Every structure is written in C-alpha cells, then in structure tokens.
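The values are calculated or read from the model by the stated rules, or taken from the named source; none is laboratory data. Just so it is clear, the structure is predicted and the values come from calculations on it, not from any experiment. All Cβ positions, even for glycine, are placed from backbone atoms using ideal geometry, and neighbour counts span all protein chains on display. Just so you know, the surface numbers come from the protein's heavy atoms only, side chains and all, with ligands and any DNA or RNA stripped out. Shrake-Rupley method; radii C 1.70, N 1.55, O 1.52, S 1.80 Å.
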Amino acid sequence: MIKRLFILCICTVLSFSLSQIAFAADIGIKLVGQKESFVHTPVETDGIKIFPIGQILYFLDTSGTETIKTPNNTPAHSFITFQGQCFKITQGTTEVQEYDMDETGACFNPTGTVYQLDTPARYLDDYSLGIFVPLNFISDILANSKYGTKYKTRYLEEDESLEFSMYKETDGSGEPQVINPVTLAMKINSPWLLTSDDGSLFDDNDHNVTPITRQGTTLLPIAPIISRLGGETSWNSAEKKVTITLNSNTIELWIDQKNAIVNGESKQLAVASTAIKGRTMIPLRFVTENLGATVSWDQASQMVLVYYGGAEENITDLFTFDYKITLLDAVQKKEDNRVTLEDAVKNNQQKHQKVKYNNTDPLDYYGNLIHVGDTVGSGTIYGVVKKISGTKVLVYWNQASFLVDKGKEKENAALFGVNWLSEQWVEAKTVTVSSSGY
C-alpha cells in the first residue's frame, strides 16, 4: 500500500508539472489564476517581436490547432483554428485571410476578411514550432473572439512572459470587464498553493513558507495569492506599507498596524499584518473579501478555499484539494528529507574518517569495539557475531530490514557482499554495531 501511495504521489506531482516542461527553456505563459506553462521565445523581425501563435492558442484552449502546409511550389503556410474561427497565415506575407470552418474543424472557404500584420509572418528553422506573428494580431483575435471566450493580453517586458486574463461581457454600458474565474486552495502549515488544474509552492526556495493562524485569523504571504488572482502587490520599505491592486480595487496595509485603506476608505483589521522571518504576512480573509473574493474555511482539515471572478464552489472541492495537498506534502517531505539524508551520510563519512584503526582491535565503521554476541549490520542485512580474530569478525547473517521484501533477502544481501543464512568472515570496519550482546 505504501509503495502504491508513493507512486500515486509522484503521478500527482507530474500532473502539475508536465505541462511546464515542454518549453522549459523558453518564456513563461500564464492564464491568470488557472495554469502556467512555456512557449517558444519570441524572435525579432524589423524591430518587432513575433510569437508562436499556434502554441499560444493551444495553451489557452486545446481547441486551438495549427495545420502546417509546406508545398513545393507555393510559400509554406499555416491554418490556425481557434474557438470556431480559422485563419490562413502565409510565410513572408503580412496578409492573414479568414476562412469559414465546418463542424469537423476543417477550413474550407475564404470569408473575404483580411487582417494586416505589422511585419511578415515567418517560420523558424524548425517548422514544427509553427508560424510566428506579431503579438498585436494575436491579442486582437483573442479580444474579439466571435464564438468563445475573450482574453486580455499582457506582455511583461521585465521578465519576458505572457499573461492572459478572461473578459466577460458587460450590460453594454461600458468596456468588457476582465474576469478570471479562480479557485485557490491552501492548507495551514502546508507550502502548497493549488488551483483547479495547476499548483505551486508558495516559495520554491523555502518550504517553511506556509499559511499560519494567529488569533483565529489566517495569515500568509499575500503576493502569490494576488498574483494568481491577476493582481499586483508592491512594498514600500520606508513606510512598511503593502499596496495590493486587483482590477479597480486597491488595498493599503501597514506592518504591525490594524488600520487599512480600501479604495480610499479606512477600515480595521482583526489582526494586524506582520513580518515573520522577513516575510510580510497578511490576513487572508480581509484582503480577499475586500477584493471581491469569497473565502471558505474548514476547521477539521485546516483548508482554506478562495473563490474569485465568478468561480463557484463545488461540493467536492474540499475533498479533492485536501487529498491532493496531503499527497503533495508527503512527496515534498520525502524530497526535503533526502537533502537531510545526504547531509547525514556526509557526516557519517567524516566520522568514519576520524576513526584511528589498528591491527588488533575489531572496530566497526564508527570506531565502536565489536564483541562476540553483538548484532552488526551491512546495508539492510544484519547478523550475530560468532567469533573474533584480530580485526576480523565471523558473522552469521540471518536478519533483514523491514525494507526488504519477504523472499528477497538473499538477493538483497548479495548487493552488500553478504552471504545470506551463512557464516562469513568480514573486516570489522565494514560493519556497524546495531545492538550489543556483551
């Protein structure tokens, strides 16, 4: 059962990370609050960056496809389909033709609508990467999608990444409103922050960064939460002030103070924002509820669920997220303990190197004197010392660690040069005393 659970943990972790491996050397791409991945780095033509349209559209919606045509007598071109629309984009040209699309997804007839690119579309040396076009064309078709979800596009120059947010239609009185239906899940004392189809650690470099409770209030590093919701967090060290912005909302809070300003209005917090180990910890419920999100808390599991942007609570959310975080915690602890084990092995080796061996005393790996009747071990196999001759000991190997499967003792013993259920002379310094019979 333990082995099956570990395999399940690994599969769960992979389900969060595989989508981030394919283009790991390239630029980050994020659908705010839902998922993240990578696409090929943009290239520059005539001073204009061009991006892989097929990769981007497929990330946003798997209905996005690119069919590449490379005939001998005509320029290579791609048919791009996305949410019921089709576009023909040709190598070396600035014209993009719109096509009709049938129910099978095939492009069959030009509609007469033509789009103009700021610079010619092109393929790189590897056609499989798809055709590259200016970002403003991609942004235009995403913002004005005729049949599906509309998206707002943002290119972050400072870290060379793409960020997309969903639009929702208004009642006609104004511009479409940006909305990111986000469900976030976290757990007290767990380093994981999960969305419906993705997940990450609060801090990749410090797995002790987790939500905590203080005076009945959940506190946590707010920046990862706000980022997932599509907002921004800034820090003013001189004033010890945190400013949070999300759509049209702005919250200002000060470290160790209970007062806050929400959209210009003064409000009070039950627990002040604070700094723990150099990190700003913010009351989660106050911030999310003043930004238009709702918070669900489950005392039994210590789970916090945040719903934003039209995301609706599902009756299975608590069980599903609690199960995932429990598995991820187990895997993460194993990984963290692996580093501790490496340190332990290094310390043991250093301790071994300090032992002053001689030609007369049977000293074990750590310098302990071995006696007849002691139980000594080599790897996962143990035995009783029957005789001693100088620095050699005669061991009858008849015990195995619980880690060794039944029936596999002989096979496992051979890995350590041990003869299972046999007496064997070995150098004392190659074994360790596990219990004394002296």
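Structure notes:
- Ranked packing of 131-137, 92-98, most packed first, by mean Cβ within 10 Å: 131-137, 92-98
- Relative packing of 100-112, 381-393, 290-302, which averages over residues the other C-beta atoms within 10 Å, highest first: 381-393, 290-302, 100-112
- Taking amide H as placed 1.01 Å from N in the peptide plane, Phe132 has its amide H under 5 Å from the amide H of Arg122, Tyr123, each at least 5 places away in sequence or on another chain.
- Over the chain, equivalent-ellipsoid semi-axes from the Cα gyration tensor in Å: 57, 33, 19
- Helical runs (DSSP H, four residues minimum) scored at -39500 (n - 2.57) apiece and divided by the length of the chain put the mean residue ellipticity at 222 nm at -6500 deg cm²/dmol.
- Estimated vicinal HN-Hα couplings, Hz - the stretch 186-198 in sequence order (Karplus 6.51, -1.76, 1.60; Gly, Pro = x): 8, 9, 4, 6, 10, x, 9, 10, 10, 10, 4, 10, 7
- Rounded, prolate or oblate (a/c below 1.5 giving rounded, otherwise prolate when a/b exceeds b/c) for the stretch 174-294 by Cα gyration tensor: oblate
- Candidate lysines - alpha carbon under 28 Å from Lys240, same-chain residues fewer than 8 apart omitted: Lys187, Lys258, Lys267, Lys277
- Relative to the longest principal axis of the Cα atoms of the chain, the long axis of helix 2-17 lies at roughly 30 degrees.
- Of the Cα atoms belonging to the stretch 282-330, the radius of gyration and Dmax stand at 11.8, 34 Å.
- Here the peptides 143-150, 74-81 are ranked by packing, the mean other Cβ count within 10 Å, and the order with the highest first is 74-81, 143-150.
- Built amide H within the under 5 Å cut-off of Lys69, gap 5+: His77, Ser78, Phe79
- In this structure, the amide hydrogen of Tyr99, modeled 1.01 Å from its nitrogen in the peptide plane, lies closer than 5 angstrom to those of Cys86, Phe87, Lys88, Thr111, counting only residues at least 5 positions away or on a different chain.
- With all protein chains kept in place, the per residue accessible area of the stretch 177-255 amounts to 41 square angstrom at a probe of 1.4 angstrom.
- Per-residue ³J(HN,Hα) for the stretch 244-259, Karplus 6.51 cos²θ - 1.76 cosθ + 1.60, θ = phi - 60°, Hz, x for Gly and Pro: 10, 10, 8, 6, 9, 9, 9, 10, 10, 10, 10, 4, 6, 10, 8, 8
- Residues in the stretch 145-159 carry Karplus couplings, in order, of 3, 7, 10, x, 5, 9, 10, 9, 10, 9, 9, 8, 4, 4, 10 Hz; the curve used is 6.51 cos²θ - 1.76 cosθ + 1.60 with θ = phi - 60°, and Gly or Pro positions show x.
- Gyration tensor verdict on the stretch 68-140 (Cα atoms; rounded if a/c is under 1.5, prolate if a/b is larger than b/c, oblate otherwise): oblate
- On Cα atoms only, tilt of 317-353 relative to the major axis of the chain in degrees: 40
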